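**Student:** Quick one: this structure, given as structure tokens, is what I'll be asking you about.
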Amino acid sequence: MSSPLDPASVRSSLLSTDDPSTWRRFAGVVAGDPALRAAMIRREARVVSLSSHSNGLFDTALATAGLCVGLDLHILQTPFGQLEQQLLDRSSDFLDHRPDFVILSGTVEDLVQGTPDPDQAVDEAVRRWSRLWWLTAERLRCRVVQHLFVPPAHDDLAADPRTWSRSATAVVTRTNQALRDRAGDDVLIVDSERLAAEVGLRNWRDDRYWHLMRQAVSIDVLPVLAKATAGVLAAELGTTRRCVVVDLDNTLWDGVLADDGFAGVGLASGARAEGFRRFQEHLLWLHKRGVALAVASKNDPELAVRGLAEVPGMVLGPEHFAAVVADWRPKSEQLVEIAESLRLPLDSLVFVDDNPAECAQVGWAHPEVDVVLLPRHPADYTAALAGRPTLAGAPVSPADSLRAASYRALAAADRLRDHAPSLEEFLDQLRMVSRVRPVDGESLPRVARLVQKTNQFNATTRRHSPAELEDRVGAPDWICLTLELSDRFGRHGIVGALLAHTTPPVAEIDTLLLSCRVIGRTAERRLVAEAAELAARAGCTTLRGLYTPSGRNDLVRDLYPRLGFHEVRRSGHLVVYDHHLGSTSLDTPHITEEPDA
């Protein structure tokens, strides 16, 4: 029998609580409803869990947390306490599992046993765990996720300033920092130390279960660690959300603007005002990280825009919002308009509102949207959004802030398109400039993220790991290109990538993708034109394109025919197209190539 629950209510229930009984109940509901489970999944991933302690209960919680961020996680459990043995044994089961991620986890006992010298303990720990990283990358060619260590709840030495440096707490703190420094961009970190500080060290571990079954994390806080880990995986695989849509009245400010006026909803002083300001500061941080902000408000449109600019004490302004939709339609309809204007699917949105009825209406109409009902007091608003795994992300990079500006430029381009007499004139008036360059060490991380995240304009949706991409970059039989684009309204950064394997006389395009921000601008022609030229230089006479439908990339179903390729065969779902090099031009008249410096 079908469950009465929908994906939005299940996701919201799980993400709004850390109660393990609630998690077990909903995990059972999802397991018993294949249609509900399928509706929550956007990507699959294979995970191996390697730990020095019993981790079976965590793995179960992680599988449930994965569904909340759109991931179907196939988790292979291994015997605990055998990390090196498992990685070195060529008959290990997980070699056949072909994991995308290996999660490494240890306890404070791994750090302090064997030597009373704290310096030696830190050095040995860093040497051991970084070697495990290397073994994982070398043997499995997949991403490592490292759970940092958690200090003990009771540490006699840590209470004595004269001996603190020799305490287990100090060894954990120093080891974690050394691992963070060494990890760089190569290893994904889950900061278990910070999570334990949030819930309290006495709550993090129940020694009864530790002595009984070597369970290192209390059952009561397993959802906390599972959600944080799922958020890291989602950020890497591109299932985190790209836009936060907020209400205005009683969400960004205190009160109803139409009734209370600009001064009446101001954020100048008072405890409630501080809660609203802190919430806006968190939204501003998300904006700087590249998450688009938008407004969906039942309000007078002119008043809403004025409010963003004129309400006293605002942290955010009109310039921070990629889209502002204010009218009297249902919020579900407003979200559709916002998604279309930003070239984003609805499952890229987080909707935040203080009104339970509005949240319920959106969740019912669009179960793929992540709906956040704000708590009653604004002091708790930030906690409702901060740490949400659907909004997890990597540290802020220059590309992130460039992406936020790019979303604003989309709105300006849309206004230009509305007044252009034809598509060709609109494209010319954009004054687009492209820069096609080989992938290098600097652009490789961005390309890796595009490969993982891009779904709509992605001809094959092949998900190459960073290690696999690194192998292709610089290889003589691979063409690896990036596309940067700018227009009269701003720079969009690296928005496209192409990978092609040359085996003369054929160069086969393995990967061709574009960011949703530049779809419809003919930018893909620049990438293919450059690949055609390089393929000809490599002795190829045919450029081959592949299309594999994924359920989300119907947008590029006719991509290669539009570029002048002709179909040569179909094999299952795979469609193969060829283009004879030199037969017709693949370039576009609407984009100018940026000259070399």
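**Student:** How many residues, within segment 474-495, are within 21 Å of Ala538 (Cβ to Cβ) and modelled with pLDDT of 90 or more?
**Tutor:** Looking only at that region, the number is 9.
**Student:** Hey, does segment 273-280 have a residue that's of a type outside the set (A, V, I, L, M), without any contact (Cβ under 8 Å) to a residue 12 or more places away in the chain and over 30 Å from His464 (Cα atoms)?
**Tutor:** No, that holds for no residue.
**Student:** Could I ask something else about it? Scan segment 166-183 residue by residue and report those that are surrounded by fewer than 17 Cβ atoms within 10 Å (Cβ to Cβ) and of a type in the set (Lys, Arg).
**Tutor:** Arg180, Arg182
**Student:** Name the pairs: first residue in segment 547-576 and closer than 20 Å to Gly496 by Cα, second residue at pLDDT 90 or above and surrounded by fewer than 14 Cβ atoms within 10 Å (Cβ to Cβ), Cβ to Cβ under 6 Å, at least 6 apart or on different chains?
**Tutor:** Between residues of segment 547-576 that are closer than 20 Å to Gly496 by Cα and residues that are at pLDDT 90 or above and surrounded by fewer than 14 Cβ atoms within 10 Å (Cβ to Cβ), the close pairs are Thr548/Leu574.
**Student:** For Glu198, only one of the following conditions fails: (1) buried (at least 22 other Cβ atoms within 10 Å of the Cβ); (2) more than 17 Å from Val126 (Cβ to Cβ); (3) within 24 Å of the chain's Cα centre (by Cα). What is its number?
**Tutor:** Every listed condition holds for Glu198 apart from (1).
**Student:** Among the residues of segment 444-493, which ones are outside any strand (DSSP E or B) and at positive phi?
**Tutor:** Once the filter is applied, which keeps residues that are outside any strand (DSSP E or B) and at positive phi, segment 444-493 yields Thr461, Gly474.
**Student:** A follow-up question, please. From the list Asp347, Asp370, Asp353, which one is at pLDDT 95 or above and in contact with an Asp or Glu (Cβ under 9 Å, 6 or more places away or on another chain)?
**Tutor:** Asp353
**Student:** Hey, another quick one. Where the second residue is among the acidic types (Asp, Glu) and surrounded by fewer than 16 Cβ atoms within 10 Å (Cβ to Cβ) and the first is under 21 Å from Glu358 (Cα atoms) and lies in segment 295-313, which pairs have Cβ atoms under 8 Å and are six or more apart or on separate chains?
**Tutor:** From residues that are under 21 Å from Glu358 (Cα atoms), the pairs are Lys298/Asp327; Asn299/Asp327; Pro301/Asp327.
**Student:** When Ser21 is evaluated against the numbered criteria (1) within 22 Å of Leu212 (Cβ to Cβ); (2) surrounded by fewer than 17 Cβ atoms within 10 Å (Cβ to Cβ); (3) of a type outside the set (D, E, K, R); (4) touching a residue at least 24 places away in the same chain (Cβ under 8 Å), which criterion, by number, is the only one it fails?
**Tutor:** Status for Ser21: all satisfied but (4).
**Student:** Please state which one of His579, His566 is at pLDDT 85 or above and surrounded by fewer than 16 Cβ atoms within 10 Å (Cβ to Cβ).
**Tutor:** His566
**Student:** When you scan segment 163-272 for helices (runs of 4 or more DSSP H) that lie fully inside it, which ones turn up with 2 or more residues that are among the aliphatic types (A, V, I, L, M)?
**Tutor:** Answer list for segment 163-272: 168-183, 192-199, 207-213, 222-237, 257-264.
For every residue, the table says whether it meets (1) within 30 Å of Asp370 (Cβ to Cβ); (2) modelled with pLDDT of 90 or more; (3) buried (at least 19 other Cβ atoms within 10 Å of the Cβ); (4) touching a strand residue (DSSP E or B) at 6+ places or on another chain (Cβ under 6 Å).
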position	(1), (2), (3), (4)
Ala63	yes, yes, yes, yes
Cys68	yes, yes, yes, no
Leu88	no, no, no, no
Phe94	no, no, yes, yes
Leu104	yes, yes, yes, yes
Gly114	no, no, no, no
Asp117	no, no, no, no
Arg127	no, yes, no, no
Pro151	no, yes, yes, no
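**Student:** Identify, by number, the condition in (1) at pLDDT below 90; (2) touching an Asp or Glu at 6+ places or on another chain (Cβ under 6 Å); (3) of a type in the set (A, V, I, L, M, F, W, C) that Leu444 doesn't meet.
**Tutor:** With respect to (1) at pLDDT below 90; (2) touching an Asp or Glu at 6+ places or on another chain (Cβ under 6 Å); (3) of a type in the set (A, V, I, L, M, F, W, C), Leu444 is out only on (2).
**Student:** So the check is Cβ under 8 Å with 6+ separation or different chains; which pairs have a first residue in segment 338-364 that's touching a residue at least 60 places away in the same chain (Cβ under 8 Å) and surrounded by fewer than 19 Cβ atoms within 10 Å (Cβ to Cβ) and a second one that's part of a helix (DSSP H, G or I) and acidic (Asp, Glu)?
**Tutor:** Ser341/Asp414
**Student:** Quick check: anything in segment 280-298 polar (S, T, N, Q), within 21 Å of Ala379 (Cα to Cα) and part of a helix (DSSP H, G or I)?
**Tutor:** yes
**Student:** In segment 534-545, is there at least one residue being in contact with a Ser or Thr (Cβ under 7 Å, 6 or more places away or on another chain), farther than 24 Å from Arg417 by Cα and surrounded by fewer than 19 Cβ atoms within 10 Å (Cβ to Cβ)?
**Tutor:** The answer is yes, given that some residue of segment 534-545 is in contact with a Ser or Thr (Cβ under 7 Å, 6 or more places away or on another chain), farther than 24 Å from Arg417 by Cα and surrounded by fewer than 19 Cβ atoms within 10 Å (Cβ to Cβ).
The values are calculated or read from the model by the stated rules, or taken from the named source; none is laboratory data. All values reported here derive from a predicted model rather than from experimental measurement. We place every Cβ from the backbone using ideal geometry, glycine too, and count neighbours over all the protein chains shown.
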